[in-house]
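Following: one structure in structure tokens, then a few remarks.
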Amino acid sequence: MASFYVENFGCRATQADGVAIERQFQERGLARAGVPAQSEIVVLNTCTVTAAADQDARAAIRRIRRENPSCQIVVTGCYAQRAPEEVASLPGVTRVIGNSHKHQLAEIVVGSLRHDAGANVAAQPGFVPLSSLAPEADSEIFVSDIFAHTELLAAPVFDAAGPNGDRTRPNLKVQDGCDNRCSFCVIPYVRGQSRSLPLNQILNEVNALVSSGYREVVISGINLGRWGRDLDRPLRFEDAVGEILRRTNLEKLRISSVEPMDWSDELIRMMASSPRIAKHAHVPMQSGSDRVLRAMHRKYRPWHYREKLEKIRAAMPTAAIGADVMVGFPGESEADFEETRLLIEELPFTYLHVFTYSPRPGTPAAAMRNHVPVHIARERNRILRDLAAAKKLAFMRPFVGKTVEAITLNVFDGKSTEALTDNYLKLRLEGRHGANQWVKARVEQLEAGVLTAVIAPA
């Protein structure tokens, strides 16, 4: 029996694609290898959101070729879609399969094991064998127009299994692609237009997870708040959330990142009023400077963003509120950065993901002038990370001495079990506890940035 191994890079959406690829291979009778070095087929499911992501993929190709020189290396994902010829030219790469053909990846690869590669290409309708344009390359390339792509790979992604094979908090991708055109972002060009998982399929996946014993499910997407707009009978994201509450017995739904202008009053009310929705709002900000937001082609202004966050905090006083923030965007001045820093200081954030701008080929921002020197961008990143750390600690302190509800995870360090509260606080819970259990925990102390807790008396 042939074996395969899928290694994923980047976001949860990519990881969800990776799980779906594993399903494809298993449905064709292949066995999943434990490590790449023992696999006949190694699939690298890549990211390309930054230059560092591309470098990580290239390093992985070199490592796998060194450890397992006889295997087939198949490169797929966003880097493969963006720069297929570049990837194909790397020593050791057997095939490059873009996101446009990811839904047929196992079919292509397994077919090549059974048939002559050339005959297989000819038999696949719609495939674009770009390798014919580069006869010096040994790799086959399967890439076509991503904007003609209507498929959506969907499979739940789990936290890493614990020592007993326990898994917790599955993440279900219900939306892919993006119709926005932020000037710094390559994602629409590698993932295509916004596409939604049909509502019945979402409900089937959630019900299957509930039947398997999972207590919390995270729903995610590339632009999650746009879910439903592309369906034959258009729906809103709020409709999906409401139907999950009405038509499943899921105990806790956690909503992943949603763009600022998609946080409707209705969505905020639903989250605030339902004990079955985690009190956790992730609202990408990118910049607090109006000038920079305009250059980024973002669809809101700083005052719009402030209004949304203040509404979320007013409705949910103890909710986790996080954001993505970018520093070093081309032309970002000291004054622009100070506007961002001040807005972050004033708003009720409990955590931040801070990124330094990385130029992506083909995006409008990459051609802009006045790129910020690396040392300045790194210093701005450090300033915001320090500010975020202080705000996180300020959010955590009031919970000391209080009893909170948390779900146990599959991490045990020999003394304590990791757990996660409704509002996205990680606890170190004294003792060993089975994964995927709701517990009442009394927070004992905040030490070295970590909340420690014990099971609360009944």
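LYS308: under 16 Å from GLU346 (Cα atoms) and not in a strand (DSSP E or B), yes or no? Yes, satisfied. Filtering VAL218, VAL241 for residues that are open to solvent by 10 Å² or more (accessible area, probe 1.4 Å) and within 20 Å of SER257 (Cα to Cα) leaves a single hit, VAL218. Checked against the criterion of being within 30 Å of ALA335 (Cβ to Cβ) and outside any helix (DSSP H, G or I), region 373-391 has at least one qualifying residue. Within region 30-45, residues that are touching a residue at least 12 places away in the same chain (Cβ under 8 Å) and of a type in the set (Lys, Arg) have Cβ atoms under 9 Å from residues that are in a strand (DSSP E or B) and surrounded by 14 or more Cβ atoms within 10 Å (Cβ to Cβ) in these pairs: ARG32/SER3; ARG32/PHE4; ARG32/TYR5; ARG32/VAL6, counting only partners at least 6 apart in sequence or on another chain. Only residues that are touching a residue at least 40 places away in the same chain (Cβ under 8 Å), surrounded by 24 or more Cβ atoms within 10 Å (Cβ to Cβ) and of a type in the set (A, V, I, L, M) were counted in region 62-83, giving 1. Return yes when VAL190 is crowded, with 19+ Cβ neighbours inside 10 Å and out of contact with any His (no Cβ under 8 Å at 6 or more places or on another chain) and no when it is not. Yes: the conditions hold for VAL190.
The values are calculated or read from the model by the stated rules, or taken from the named source; none is laboratory data. Please read these numbers as outputs of a predicted model, since none were measured by experiment. Note that each Cβ is placed from the backbone with ideal geometry, even for glycine, and that neighbours are counted across all protein chains shown. Ligands, DNA and RNA are stripped out before the accessible areas are found, and what is left, the full protein with its side chains, is counted by its heavy atoms. Shrake-Rupley method; radii C 1.70, N 1.55, O 1.52, S 1.80 Å.
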